[in-house]
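The values are calculated or read from the model by the stated rules, or taken from the named source; none is laboratory data. Being a predicted model, the structure only gives us computed values, none of them experimental. So basically every Cβ, Gly included, is an ideal-geometry build from the backbone, and we count neighbours across all protein chains shown.
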Amino acid sequence: MRNVREVLRDWEAVIGLEVHTELTTLKTKMFCDCRLSHDDPPNTNVCPVCLGMPGALPVPNERAIEAIVMAGIATDCQIQRRSYFYRKHYFYPDMSKNYQTTQGPVAFCMHGHLDLEVTGQGAEERPEFTVEKAAGGSYVVPIRILRIHMEEDAAKMVHVGGTEGRITSASESLIDYNRCGTPLIELVTEPDLRTPEEARLFMEQLRQTFRTLGISDCSLENGSMRCDGNVSIRRRGDERLGTKTEMKNLNSFKALHDALAYEICRQAEVLEEGGVVCQETRHWEPSRRRTVVMRAKETSDDYRMYPDPDLAPFDLSDEFIERCRARVPELPLAKRDRYVADYGLKRADAAQIASNPAVAAIFEEVVVAVAKDVIPTVANVVVNLLPATRAVTAAQVASLADLLANNTITFAAAREVLETVDGTDANPETVVDERGMRQSTDTDALKTTVDEVLIRCADQVRQYREGNRRVIGFLVGQCMKASHGTGNPKLFNQLLRERLKG
Ligand SMILES: [Zn+2]
């Protein structure tokens, strides 16, 4: 099979996503006051409502409605003043009342968008953006969001004694109703994505947004954020949509990307051989790197959806919506733009800092505590050194940035200092003094180190003299190591070149 980038030269992929997010930061379920927890013993957080006992009446969780309205405001959706809960019928033990409570044609949030910024390899797969690509290697495309609706999660089932956890071959099935009734928001995009890379970036950007809102931990590994992808292809220039297939439960960014890439290639092969693509739901098998058919697609008629008579139409007041709006914090893209404008950070560095609320909080605490000319160094430390740490305080980062900016220590030494103070209240400057890590500007001492290294590295010296100038990097590295990170790499570079000339 051809690879996806080749296929996308002839064919255009049309991709839409459905993203389910559990509102993990809430304390209780969607329609009852049972505790939300992933850790409790099975079937301990249950009551007549979430077990679907006859006569039990649901009461909506106001915190969950706040969360979905905040998600809608953050993605520029129109917040609907009136919406309804529906019953979506199906028969399966994971929902004991035999219907899921969800929303109908009108959801709390309708018609929004998320502006997707695509850089690097992803930018090469969308030919119509050639001009922008040439300008900055990136493009921005608004991905329309059809709706974000509220629904409840089903119970968790584990199928024992079969192959690959499939129910068809299992000897018994276990069920845990703790998850039943967990508030979920489902976001449905319009089919505006065109490449697997765009789909992956969209999920990342959405996750950053929801995390910043504090409505979910958005863990793909633990299943609190889950993604279905649908894709069809058409010849470039063709307006008509092809037949789409849907892939369920893509549980990592890589699975989402790879499953879409595989499916685009598979569909192209089918069509190029004169076949037809069937509308069906497919399952991604990461171990075999392929999709296989799960079932032919059901239509919404099969669910017999109708408004839930136990839940009155939902009216949101202006006051409620404005209260939610006031609680939406600054979002990652706005934050990134502000860092570029106010602190002169590189766009990529600003984006990386802004994408993680905890990292951004430390950065903002540090920048107000240091001199303006130290800020680029702060960004450097936060981008390159902070991700490897567990618990470093803003004061420690500020002190470290000062030491770096006034050339007291080298970057290599800074890494070691940060590892040492991580998780303690130690002062970086004290560590530097205790370990004798102050950068040496004593040229004679550095020359001695250079001479030692040149004697030890006779092979590289020969290579350099034969014309391989790149080994200088290796030699500088050896000098840094020999000086325990206290030598200045620029000075070492200069001294090495002088010595090697002779
Ligand atoms: Zn309950």
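Say whether the condition of being under 18 Å from residue 316 (Cβ atoms), within 27 Å of the chain's Cα centre (by Cα) and not basic (Lys, Arg) is met by at least one residue in region 36-57. No; the residues of region 36-57 include none that is under 18 Å from residue 316 (Cβ atoms), within 27 Å of the chain's Cα centre (by Cα) and not basic (Lys, Arg). Of all residues in region 1-37, those satisfying the criterion of being polar (S, T, N, Q) and within 16 Å of the ligand (Cβ to nearest atom) are 28, 37.
Okay, residues lined up against (1) under 23 Å from residue 478 (Cα atoms); (2) exposed (fewer than 14 other Cβ atoms within 10 Å of the Cβ):
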position: 388; (1), (2): no, yes
position: 392; (1), (2): no, no
position: 395; (1), (2): no, no
position: 400; (1), (2): no, no
position: 446; (1), (2): yes, no
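Where helices (runs of 4 or more DSSP H) fall wholly inside region 402-502, the ranges with 1 or more residues that are under 39 Å from the mean Cα position of the chain (by Cα) are 411-421, 428-434, 471-482, 489-501. Screening region 85-107 for residues that are in contact (Cβ under 8 Å) with a residue 24 or more places away in the chain, out of contact with any Lys or Arg (no Cβ under 8 Å at 6 or more places or on another chain) and of a type in the set (A, V, I, L, M, F, W, C) and picking the one that is farthest from residue 308 (Cα to Cα) gives 95.
When you check residue 256 against the structure, is it under 29 Å from residue 68 (Cβ atoms) and not charged (D, E, K, R), yes or no? Answer is yes for this residue.
Would you confirm whether or not region 29-37 contains a residue that is at pLDDT below 90, closer than 22 Å to residue 219 by Cα and not small (Gly, Ala, Ser)? Scanning region 29-37 turns up no residue that is at pLDDT below 90, closer than 22 Å to residue 219 by Cα and not small (Gly, Ala, Ser).
Evaluated against (1) closer than 28 Å to residue 173 by Cα; (2) away from the ligand (no atom under 16 Å from the Cβ); (3) buried (at least 22 other Cβ atoms within 10 Å of the Cβ), residue 95 falls short on exactly one condition, (2). Might you let me know whether region 115-128 holds any residue that is in the same structural domain as residue 314 (by TED's automatic domain parsing) and modelled with pLDDT of 85 or more? Yes; the residues of region 115-128 include at least one that is in the same structural domain as residue 314 (by TED's automatic domain parsing) and modelled with pLDDT of 85 or more. Tell me, yes or no, whether region 166-187 has at least one residue that is crowded, with 18+ Cβ neighbours inside 10 Å, touching a residue at least 12 places away in the same chain (Cβ under 8 Å) and more than 30 Å from residue 98 (Cα to Cα). Scanning region 166-187, I find no residue that is crowded, with 18+ Cβ neighbours inside 10 Å, touching a residue at least 12 places away in the same chain (Cβ under 8 Å) and more than 30 Å from residue 98 (Cα to Cα), so the answer is no. Could you say whether any residue in region 38-60 is within 16 Å of the ligand (Cβ to nearest atom), without any contact (Cβ under 8 Å) to a residue 24 or more places away in the chain and on the phi > 0 side of the Ramachandran plot? Yes, because at least one residue in region 38-60 is within 16 Å of the ligand (Cβ to nearest atom), without any contact (Cβ under 8 Å) to a residue 24 or more places away in the chain and on the phi > 0 side of the Ramachandran plot. Given the structure, is residue 417 free of Cβ contacts under 8 Å to residues at least 24 places away in the same chain, touching a Leu at 6+ places or on another chain (Cβ under 7 Å) and farther than 20 Å from residue 357 by Cα? So residue 417 fits the description; yes.
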